[in-house]
Number of protein chains: 2
Amino acid sequence: MSGTGHSDLGDILLMPAVGELKLNPGRAENPDEGYRSRFNHATEKAAPGYYEVILDDYGIKAQLTATQRVGVHKYTFPKDKNGHLVLDLAHGIYNYDGKVLWANLRVENDTLLTGYRITNGWARTNYTYFAISLSQPIKDYGYKDKAKVLYNGFWRRFKLEKNFPEITGRKIVAYFNFDTEQQPELVVKVALSAVSTEGAIKNLRAEAEGQSFEQLAEAARKSWNDELDHYEIEGTQDQKAMFYTSLYHTMINPSVYMDVDGSYRGLDHNIHQAKDFTNYTIFSLWDTYRAQHPFLNLIKPDRNADMVESMIKHQQQSVHGMLPVWSHMGNENWCMSGYHAVSVLSDAITKGVFTNTDEALAAMVSTSTVPYYEGVADYMKLGYIPLDKSGTAASSTLEYAYDDWTIYQTALKAGNKEVAENYRKRALNYRNIYDTTIGFARPRYSDGTFKKDFDVLQTYGEGFIEGNSWNFSFHVPHDVFGMMDLMGGEKKFVEKLDELFSMHLPEKYYADNEDITLDCLVGGYVHGNEPSHHVPYLYAWTSQPWKTQFWIRDILNRMYRNDINGLGGNDDCGQMSAWYLFTVMGFYPVCPGTDQYVLGAPYLPYLKLKLPNGKTLEIKAPEVSDKKRYVHSLKINGVAYDKMYVTHEDILKGGVWEFKMSSSPNKRRGLAAEDKPYSLTNGVN
Amino acid sequence: MSGTGHSDLGDILLMPAVGELKLNPGRAENPDEGYRSRFNHATEKAAPGYYEVILDDYGIKAQLTATQRVGVHKYTFPKDKNGHLVLDLAHGIYNYDGKVLWANLRVENDTLLTGYRITNGWARTNYTYFAISLSQPIKDYGYKDKAKVLYNGFWRRFKLEKNFPEITGRKIVAYFNFDTEQQPELVVKVALSAVSTEGAIKNLRAEAEGQSFEQLAEAARKSWNDELDHYEIEGTQDQKAMFYTSLYHTMINPSVYMDVDGSYRGLDHNIHQAKDFTNYTIFSLWDTYRAQHPFLNLIKPDRNADMVESMIKHQQQSVHGMLPVWSHMGNENWCMSGYHAVSVLSDAITKGVFTNTDEALAAMVSTSTVPYYEGVADYMKLGYIPLDKSGTAASSTLEYAYDDWTIYQTALKAGNKEVAENYRKRALNYRNIYDTTIGFARPRYSDGTFKKDFDVLQTYGEGFIEGNSWNFSFHVPHDVFGMMDLMGGEKKFVEKLDELFSMHLPEKYYADNEDITLDCLVGGYVHGNEPSHHVPYLYAWTSQPWKTQFWIRDILNRMYRNDINGLGGNDDCGQMSAWYLFTVMGFYPVCPGTDQYVLGAPYLPYLKLKLPNGKTLEIKAPEVSDKKRYVHSLKINGVAYDKMYVTHEDILKGGVWEFKMSSSPNKRRGLAAEDKPYSLTNGVN
């Protein structure tokens, strides 16, 4: 799980050691009490698909690589000692006492282990099966169950704790001893499956059998290199590092969740066979509908089509009939608000990436009408979620309205007028929680009255989720003119945007807030969390579109640093990074579901994108710099281009975009009505 | 599980109720505190495939029937009240706090529930999936989790306890309310699967969909009638009741453990597809190798062939490479001693029921050479299990020696001389623990010395399992003459048998012994437990074979009473009943693996057995009575027959056996050497 606010997994902990056998991890403040080891960052080497470090307490060199379904470890032990390998099945990330419901381990033979564990963690019920192959035979082995064994039947007749090949319990820590004097190198291949140990063995055989660590590491390097090869760029070393790191981040999650033979565990916990698609999991949709999925539509459309198909299968397997909110290893984690999978489906359909519009529409309608899901019953009745029914009444109303607009779009494409009209109306529901007297979104109660004592800068307790009203009020990406109108017209709208980016946010508004820190703030604009990601682009609908060009470079420079803690917030499964990549290219999908990307300004002097259709798009801005951050003019394939957006088709045509940059804004570009991006209404109520 | 000493299951408890909703069972001494109800045995009706009772506390009539994989309930509620159905997923048989590892329940729609639970009970890891269809729609529903919810992630955003269709936890008790004023009848069909909820739905559809309770009850009645129709008999009502009850008992376990589509959960917890066989579970082999499996070879050979195939698959899925000892829902429960599955395989091969001798032999050899299984390493080295290594050293040595004889027989049939010779020697290992100075089996230590202070009447602590030396010393069914020799010759052997059946066993030897009670004793002979079941037939090898005829009628009369608690011991998955059926017919498989049945005497005046080859065997003894219990002479299809055994082939020929009975023994029959049943040696050391 890459850059998520919550976490899970860590199901199979392996630790090599020498000397006295320790079956507890020990504490960080006293590593000697457990199997953990000190290490020095200076001994680390890391690259996509590779990591190495020296475990100082044991003098063991640890090298790691991976295939799609197999983690590969190489441990080089000191020559003069006997080595252990600890397999801690009681360990976990986000662990708590009782998270592991049951663990099983079989020593199939002296170089093969299989097993599984079932956990109740962030994923409510998670099945992790594994097969572990060892490059040298186990000398002897055993385990300890740290949980009280509640019932063991006739198993007690065996000496279970030593060299008994069938190990089961709640808190199992196993160990395997090796003759590392004879053979100091131990290669461990850990294949995963969500289906069965049989599936894990198949995955192991298909991806890693018969290959050395070095061969697999080279294959991983090549595989990542192919993925990162979508782009050629010019820039500083830091810029290149940030760019390719961001690209890498967009390709970790969502993740493949399927065995090599196409079987996978569905949301109903049954085993399904994927027909003509690859099943994916880890959909952090409140984050990723914004830029991560649109980014994949652009550079990996086949992969995103598989993700859409995976979401539809999830919906069909859901007892709620819902598309994923936060899907995780065959579970729905229900994290965050909205039903934004509909946006992903809609965007994929709009961009020709997914074609089964009827199937998608059925899933979208079902998803958006589940009465017990966060305020939906009231939303459908009243046109907004009342604050007395939900603590996130205002933000969820805004999110539903946008989501409903994507269903409206899909219904139009499906030719279903009745559904289209219903969702067109729902798409305007954002209006119902705007308080035009203050020009902000403001939660209302069931009786229609607005919340009293309302603080537009306060994130918590005001009816919004992980964002204050000032930021969240801009969340009407599908009807910017309509929103502008509710805020008091274009002039006030621009003033509000200007104030957002330049205000001084008093410390009390972020002091105790894990989602907002000082280094993710630009004025009162919070880049470290998602609700505002499209906001810098909203100037495009105004008479001062050049202000986008100013602020996005500021954000790129300040929020994406090539350093530890270099991101101004969680990466959130690629969303922060996809924002970066779009913004560096000079455009951003403000309203997924349209075919439009709103133009900002290129960040780098040269960028070449290899498009999935085989064409290339070169984006040239040779003079660009922090100073020359404004777009004076743009030529697309030699033709002057003054609109404030480009379409998906424009990009797919490839060719050359030549930006002429300037140290002062060109205040005459993009002002005509036809230059403006899409808006559902013209804003006249 | 039918008549086992241990228990498990009870995974899905349904209870109909009216009035105040109660989600605890309450205690038997105060039924009103929980959902349980008083009932009167007078309201019960029971027949194979059918049960009914009135639940007095609620005025509900409960009727039950079943298909192979679906339990079918019909509840008739009183008309004037609202009805509940409680589904208690925290309940279980042999329950303890923590047995349920995890339970899941989905309300798929208002007439269909699916779910599963995973338990750590007598079966170490048991997966029970279910699909429950309801004949009328749920009005509303909810649940309570009686366990502390350790972690619930974002699920806490829902009101989970009421009308939320996805229920998960450790101790779930759900309830469903129905409008029983409108519709007082509720039919509930509970389909099981060990594979998945999808499998349970398939089973439900294949076996029970679209059929009324009455139709299904009639189908169950007919199905059982077909099974019980193997015999026609004459006798008293009690004798008939006991006979058909016994026949019913032989057909409950082993049980089918496979979905209608052939998928089943293997011992490796993976899902397998049965190719050309039906997978079975619940093999209580220490009990059932004796008469239950031989009985199935005679009347249901195809079913026993499937059981043998199921055992071989178990062996192939076992990380120990072992055939089942006590297999249970894809688990090995390791209950009792020996590796008697080899006897079942051997017997099925000898009788032509199972033909893949090579596959069977490989499984048998693998099973009998697992060094960490109860003393096997020492047994292979020393020829006996030392008492200092195992508390059941003497009985297990006896059991292994017999089991090894069956492997010897199979190796002979497979033409594998080397294996045959190895196991022929192992089959003689029983000799190594006979103390010829006392004429009894007696445990030895590693240094070769016998246990001091040895009590041949004491069941516990003397090196035997669930049987004392006096009974267990006769456990050499494959080499009766050899055993006789070690006991001091034929005269002493007969004296010892006589004494066994006629002795007074002091109360201290059974007072605190759950496996021996006064009503299962004939002298010192214990019929209520298995080790002695063949002993009454051992007179056949002596000069006084008629004594068998005396004692077996005594046992039939005293140990099989048509009453509550009518059996003189647990039925043990059909073994007690199969002993009864064989003995009533007049013969018994003393040494499974031979093709011989040792002759006793018929119990009833007339019995007709419909053989699986379409022939019939009539066994006539018109004069038989408690008084005329001795066989004066026998004619098989008109020809006088004086041997003390018949072969499997003799039986399969069918025809008529005419017994002439007498009130005094015919002391001249069956005395010639060629009249005697099989013995590995002639007893001369």
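The values are calculated or read from the model by the stated rules, or taken from the named source; none is laboratory data. All values reported here derive from a predicted model rather than from experimental measurement. Using ideal geometry, Cβ is built from the backbone for each residue, glycine included, and neighbour counts are taken over all protein chains shown. Calculation scope for accessible area: heavy atoms of the full protein, side chains included, ligands and nucleic acids excluded. Shrake-Rupley method; radii C 1.70, N 1.55, O 1.52, S 1.80 Å.
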(request) Express in whole angstrom the spacing between the alpha-carbon centres of region B:108-148 and region B:209-243. (result) 31 Å
(request) Mind jotting down the three principal axis lengths of region B:13-226 based on Cα atoms? Whole angstrom, largest first. (result) 51, 37, 34
(request) Take every Cα-Cα pair in the protein assembly as shown and report what % of them are more than 55 Å apart. (result) 37 percent
(request) Rounded to the nearest 10 degrees, what's the angle between the helix A:417-427 long axis and the longest principal axis of chain A, both from Cα atoms, 0 to 90? (result) 90 degrees
(message) Calculate the FRET efficiency for B:Lys452 and A:Asp179 from the Cβ-Cβ distance with a Förster distance of 45 Å, rounded to the nearest 0.05.
(response) 0.50
(message) A 27 angstrom limit on the alpha carbon distance is what I want to check against. Which of B:Lys240/B:Lys667; A:Lys240/A:Lys313; A:Lys381/B:Lys139 exceed it?
(response) B:Lys240/B:Lys667; A:Lys240/A:Lys313
(request) Mind checking the full-extension length gain between A:Asp388 and A:Thr369? Use 0.36 nm per residue of separation minus the Cα-Cα distance, one decimal, nm. (result) 4.8 nm
(request) Along Cα→Cβ, 7 Å out, is where each label goes; now give me the distance between the ones at A:Val684 and B:Glu227 in nm to one decimal. (result) 8.1 nm
(message) Just to confirm the numbers: B:Thr437, label point 7 angstrom along the Cα-Cβ line, distances to the other copies in nm, shortest first?
(response) 11.0
(message) What distance in nm lies between label points placed 7 Å from Cα along the C-beta direction at B:Ala377 and B:Lys627?
(response) 6.4 nm
(message) Helix A:393-414 against the longest principal axis of chain A: what's the angle in degrees, Cα atoms only, rounded to the nearest 10?
(response) 80 degrees
(request) Distance between Cα centroids, region A:150-203 to region B:333-347: provide it in whole Å. (result) 27 Å
(request) Quick one: net charge around B:Ala640, please, counting Lys, Arg +1 and Asp, Glu -1 for every other residue with C-beta under 13 Å from its C-beta. (result) +2
(message) Using Cα-Cα distances under 8 Å and only pairs 6 or more residues apart, what relative contact order does region B:13-226 have, in percent?
(response) 24 percent
(request) Could you grab the relative contact order for chain B? Cα pairs under 8 Å, six or more apart, rounded to a whole percent. (result) 11 percent
(message) Tell me which GluC sites (Glu not before Pro) from region B:165-264 have a DSSP coil assignment and no more than 13 other beta carbons within 10 Å of their own.
(response) B:Glu181, B:Glu209
(request) Any chance you could check the Cα centroid distance between region B:613-628 and region A:481-557 for me, in angstrom? (result) 99 Å
(request) Quantify, in whole percent, the carbon and sulfur part of the accessible surface of chain A (1.4 Å probe; protein heavy atoms only). (result) 49 percent
(message) Greater than 19 Å separation of Cα atoms is the criterion. Which listed pairs, A:Lys389/B:Lys171; A:Lys496/A:Lys627; B:Lys22/B:Lys162, meet it?
(response) A:Lys389/B:Lys171; A:Lys496/A:Lys627
(request) Between the chain alone and the structure with every protein chain in place, find the residues of region A:354-397 that drop at least 50 Å² of accessible area; heavy atoms, 1.4 Å probe. (result) A:Tyr372
(request) Over chain B, average the accessible area per residue using a 1.4 Å probe and give it in Å², no decimals. (result) 36 Å²
(request) Would you jot down the residues in region B:320-346 that end up with at least 40 Å² less accessible area in the complete protein assembly than in the chain alone, with a 1.4 Å probe? (result) B:His320, B:Trp334
(request) May I ask for the longest run of chain A untouched by trypsin sites (Lys or Arg not before Pro) that are loop-located per DSSP and have at most 10 neighbouring C-beta atoms (other than their own) within 10 Å? (result) A:453-667
(message) Taking 45 Å as R0, compute the FRET efficiency from the Cβ-Cβ separation of A:Ile93 and A:Thr355 and round it to 0.05.
(response) 0.75
(message) Using only DSSP helix segments of four residues or longer, with each worth -39500 (n - 2.57), what per-residue ellipticity at 222 nm results for the protein assembly as shown after dividing by its residue count and rounding to 500?
(response) -8000 deg cm²/dmol
(message) Run the paramagnetic zone check for B:Asp563: 7 angstrom along Cα to Cβ, then residues of region B:495-535 with backbone nitrogen under 17 Å.
(response) B:517-522, B:528
(request) Note the buried accessible area between B and A here, summed over both chains, with a 1.4 Å probe, in Å² to the nearest 100. (result) 4900 Å²
(message) Between 0 and 90 degrees, rounded to the nearest ten: what's the tilt of helix B:213-228 against the longest Cα principal axis of chain B?
(response) 0 degrees
(request) Obtain the nm distance between the two label points defined at A:Tyr460 and B:Arg27 by a simple spin-label model: each point lies 7 Å from its Cα along the Cα-to-C-beta direction. (result) 4.6 nm
(message) Which residue in chain A puts its Cβ closest to the axis that rotates chain A onto chain B, and at what distance in whole Å?
(response) A:Leu101, 3
(request) Between A:Tyr445 and B:Ala46, take the C-beta separation as r, use R0 = 56 Å, and let me know the FRET efficiency to the nearest 0.05. (result) 0.35
(request) Note down the net charge around A:Arg117, summing +1 for each Lys or Arg and -1 for each Asp or Glu among other residues with Cβ under 10 Å from its Cβ. (result) +1
(request) Give me a single rounded figure for A:147-156: the average over its residues of other chain Cβ atoms within 10 Å of their Cβ. (result) 5
